[in-house]
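Reviewing the structure listed below.
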Amino acid sequence: MSLILGIETSCDETAAAVVQDGKKVLSNIISSQMEIHRAFGGVVPEVASRHHVQNITVVLEQALREAGVHPSQLSAVAVTQGPGLVGALLVGIAAAKALAFSWGLPLLAVNHMAGHIYANQLVAEMEFPLLALVVSGGHTELVWMPGHGEFVLLGQTRDDAAGEAYDKVARSLDLPYPGGPLMDRLAQQGQPRYDLPRAWLEEGSYDFSFSGLKTAVQQLRQKEGENLKLADLAASFQAAVVEVLVEKTARAAEEYGARQVLLAGGVAANRGLRSAMQERIGSMGLSLVIPPPHLCTDNAAMIAAYGHLLYTRGQFAAPDLNAVPGLSLS
Ligand code: KG4
Ligand code: ZN
């Protein structure tokens, strides 16, 4: 049995959670700074760090209280080491180190992207070999997993991440930050009647590119002027993003012989992507897991879920653990 306290502060959510055996969520507290950053049209790193400092102890206390767990019952403290904003990461790491030291617990350093993937373990049994599509505000990655903790990068974005493309396009349309959820809602009300490009790249490539799509939206906006139908544009943009994500995932799953496909990251909350993926992967007869939206976006339960694996393997972090803003998966 393990009881892991997870801490996540890589971007604009201050989060703490208690998870049992890497599977059962006892508490999952998230304090979002979204409203604060909205005024700036995006996350301001210095502002994010300051709010993490203000919120972290409250969030930690609440996570333990809601789980009904006393620190003496905990097995370890897991914290996001990277990737993310360095100042933001350091707040979580400092808190994790202090708690691990004073409670005499092992410290676990978790890769944020691995955390996103292991959000799936909170809702289903992982079946290997599997393919994970991780789509967030900073990353778009197709990851092959032969077994637990083994990550092979098959492809990634060459420019903007999927979530970044959503946010930038929304911003160019004068919509508030973060644009992803808003574009998703608008897309449900429109028809994909505008023709936008799909970046397939070279034959057989599992890389992605979304910057051309961003430019095409600008050109369309200029061409259509007053006649532009925002909901139809959102639906067309979503169709272009989703088609490439789904098709490349399906092809990779087939080529590599995946038993299961997992979706992860903030953009996995997207309704268009969820339903298209269900249809396409379902028709291949493969198992598909998509966490509920609140486990797709940043949270600490996913950090504790991956922390459980590190704990069972005895892969503890040293007390001088430092943040790694550009930490990669493989
Ligand atoms: O994983 P996440 O919470 O944070 C990062 O690690 O980046 O992902 C945040 C990203 C943002 O770009 C946000 O706009 C996007 O996920 N997002 C969505 C939706 N919900 C969140 N994008 C499209 N449709 C959504 N429903
Ligand atoms: Zn994330």
- Item | Of the criteria (1) touching a residue at least 12 places away in the same chain (Cβ under 8 Å); (2) out of contact with any Ser or Thr (no Cβ under 9 Å at 6 or more places or on another chain), which one Leu175 fails | (1)
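Under 24 Å from Gly41 (Cα atoms) and without any contact (Cβ under 8 Å) to a residue 40 or more places away in the chain: which single residue out of Gln218, Gln222 fits that description? Please lay out each step first, then the result.
Details: Gln218 fails: without any contact (Cβ under 8 Å) to a residue 40 or more places away in the chain.
Criteria check complete, one pass: Gln222.
Tell me the residue from Ile303, Ile281 that is part of a helix (DSSP H, G or I), among the β-branched types (Val, Ile, Thr), away from ligand 1 (no atom under 16 Å from the Cβ) and in contact with a strand residue (DSSP E or B) (Cβ under 6 Å, 6 or more places away or on another chain), please.
On the way: Ile303 fails: away from ligand 1 (no atom under 16 Å from the Cβ).
Exactly one residue qualifies, and that residue is Ile281.
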- Task: For segment 56-64, state whether one or more residues are out of contact with any strand residue (DSSP E or B) (no Cβ under 8 Å at 6 or more places or on another chain), without any contact (Cβ under 8 Å) to a residue 60 or more places away in the chain and within 26 Å of Thr312 (Cα to Cα).
- Result: yes
- Pick from segment 72-90 the residues that are in a helix (DSSP H, G or I) and in contact (Cβ under 8 Å) with a residue 40 or more places away in the chain: which of them is farthest from the chain's Cα centre (by Cα)? Gln73
- Note on the structure: The one condition Met113 fails out of (1) free of Cβ contacts under 8 Å to residues at least 24 places away in the same chain; (2) under 30 Å from Gly257 (Cβ atoms) is (1)
- Hey, could you check segment 237-291 for residues that are closer than 14 Å to Ala124 by Cβ and within 16 Å of ligand 2 (Cβ to nearest atom) and say which is surrounded by the fewest Cβ atoms within 10 Å (Cβ to Cβ)? Ile290
- Query: Is there a residue in segment 173-184 that is surrounded by fewer than 15 Cβ atoms within 10 Å (Cβ to Cβ), modelled with pLDDT of 95 or more and under 28 Å from Arg251 (Cβ atoms)?
  - Reply: no
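Quick one: is Leu262 assigned to a helix (DSSP H, G or I) and within 25 Å of the chain's Cα centre (by Cα)? Walk me through how you get there before you give the answer.
Numbers: assigned to a helix (DSSP H, G or I): no; within 25 Å of the chain's Cα centre (by Cα): yes.
So Leu262 does not fit the description; no.
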- Within segment 96-120, can you find the residues that are away from ligand 1 (no atom under 16 Å from the Cβ), surrounded by 23 or more Cβ atoms within 10 Å (Cβ to Cβ) and outside any strand (DSSP E or B)? Ala96, Ala100
- Task: Within segment 71-91, count every residue that is within 19 Å of Thr312 (Cα to Cα), within 16 Å of ligand 1 (Cβ to nearest atom) and hydrophobic (A, V, I, L, M, F, W, C).
- Result: 1
- Query: Inside segment 137-168, can you point out the residues that are aliphatic (A, V, I, L, M) and closer than 17 Å to Val43 by Cβ?
  - Reply: Ala161, Ala162, Ala165
- Task: Take the residues in segment 121-144 that are away from ligand 2 (no atom under 16 Å from the Cβ) and buried (at least 24 other Cβ atoms within 10 Å of the Cβ), then tell me which one is nearest to Tyr256 (Cα to Cα).
- Result: Leu131
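The values are calculated or read from the model by the stated rules, or taken from the named source; none is laboratory data. These figures come from a predicted structure and were not determined experimentally. Don't worry about glycine lacking a Cβ; one is built from the backbone with ideal geometry, like all the others, and counts go over all protein chains shown.
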